[in-house]
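This report concerns only the one structure given below.
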């Protein structure tokens with residue numbers, strides 16, 4: 001798995017795009033590749049403990065392949081990679097800033113930022129707040145931060161340990177897990193709730209497509225839907241509680257608890 005931040009080192013330049021798949025970089029640059037004939041170097045420079053507030057000079061450098069071209073000299077090429085990352089980070093890693101808008105076509109990582117509207121792509125939210133994700137906007141991962149609203153056409157791909165407060169009509173949260181929370185789903189969609197993830201309320205046209213082992217949906221109100229429960233717990237507004245895992249299913253009614 002390619003780590004943040006990956007890049008492709010070439011003899012005459014460093015290719016550091018807005019994604020981390022080395023294979024996609026190879027395809028985009030049109031480089032020939034195969035055993036013992038790769039004229040490039042797969043590089044990853046990663047922050048210690050995923051802490052993006054650490055200065056880039058203290059990040060960890062790694063070559064992610066065995067065969068190296070004859071021109072590669074680490075003492076020369078490692079500084080080239082760090083320089084390329086620093087240049088990329090100026091535009092794309094925002095720390096502790098007020099960001100009124102992430103515009104369409106922009107790609108950023110937000111660390112402890114106060115962000116208004118997202119119309120472009122946010123790869124990660126680590127701390128801080130995003131007020132709204134609009135039509136065409138995407139937040140790929142929420143780790144410990146807060147997204148206040150996901151509106152029609154907006155997407156949050158993963159919530160790990162962070163919070164999405166509202167998903168409105170047409171908004172989508174694809175996965176909630178590992179301590180992540182979605183507080184309200186109104187007419188929007190949560191596709192999967194799994195290990196440690198929580199959806200607090202689903203109502204009026206809101207949909208949760210799957211609840212897996214370890215996932216929890218606390219209340220399903222009028223017009224809310226849970227399409228499939230493979231595990232976890234779902235609590236309905238009328239007091240019913242649905243509990244299951246791979247080998248067990250039980251629906252507890254309010255009468256049964258009296």
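Numerical summary
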quantity	calculated
Residue 11 being surrounded by fewer than 14 Cβ atoms within 10 Å (Cβ to Cβ), in contact (Cβ under 8 Å) with a residue 60 or more places away in the chain and closer than 21 Å to residue 82 by Cβ	yes
Failed condition for residue 112, given (1) out of contact with any helix residue (DSSP H, G or I) (no Cβ under 9 Å at 6 or more places or on another chain); (2) without any contact (Cβ under 8 Å) to a residue 60 or more places away in the chain; (3) over 21 Å from residue 142 (Cα atoms)	(3)
Single match in 104, 140, 123 (criterion: part of a strand (DSSP E or B), surrounded by fewer than 17 Cβ atoms within 10 Å (Cβ to Cβ) and at negative phi)	140
Qualifying residue in segment 19-28 (condition: touching a residue at least 60 places away in the same chain (Cβ under 8 Å) and either farther than 30 Å from residue 144 by Cα or touching a helix residue (DSSP H, G or I) at 6+ places or on another chain (Cβ under 7 Å) (or both))	no
Subset of segment 29-49 (residues that are without any contact (Cβ under 8 Å) to a residue 12 or more places away in the chain and assigned to a helix (DSSP H, G or I))	49
Hits in segment 65-88 - residues which are touching a residue at least 40 places away in the same chain (Cβ under 8 Å) and either over 30 Å from residue 142 (Cα atoms) or under 20 Å from the mean Cα position of the chain (by Cα) (or both)	69, 71, 72, 77, 80, 88
Condition check for residue 62: outside any strand (DSSP E or B) and modelled with pLDDT of 95 or more	no
Every residue from segment 25-53 that is closer than 21 Å to residue 113 by Cα and modelled with pLDDT of 95 or more	46, 47, 48
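Rundown of residues vs (1) farther than 18 Å from residue 245 by Cβ; (2) within 19 Å of the chain's Cα centre (by Cα), yes/no style:
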residue: 174; (1), (2): yes, yes
residue: 182; (1), (2): yes, yes
residue: 186; (1), (2): yes, no
residue: 190; (1), (2): yes, yes
residue: 193; (1), (2): no, yes
residue: 202; (1), (2): yes, no
residue: 208; (1), (2): no, yes
residue: 213; (1), (2): no, no
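The values are calculated or read from the model by the stated rules, or taken from the named source; none is laboratory data. Everything numeric in this text was worked out from a predicted model, so none of it was measured. Positions of Cβ are generated from backbone atoms using ideal geometry, with glycine treated the same way; all protein chains shown enter the neighbour counts.
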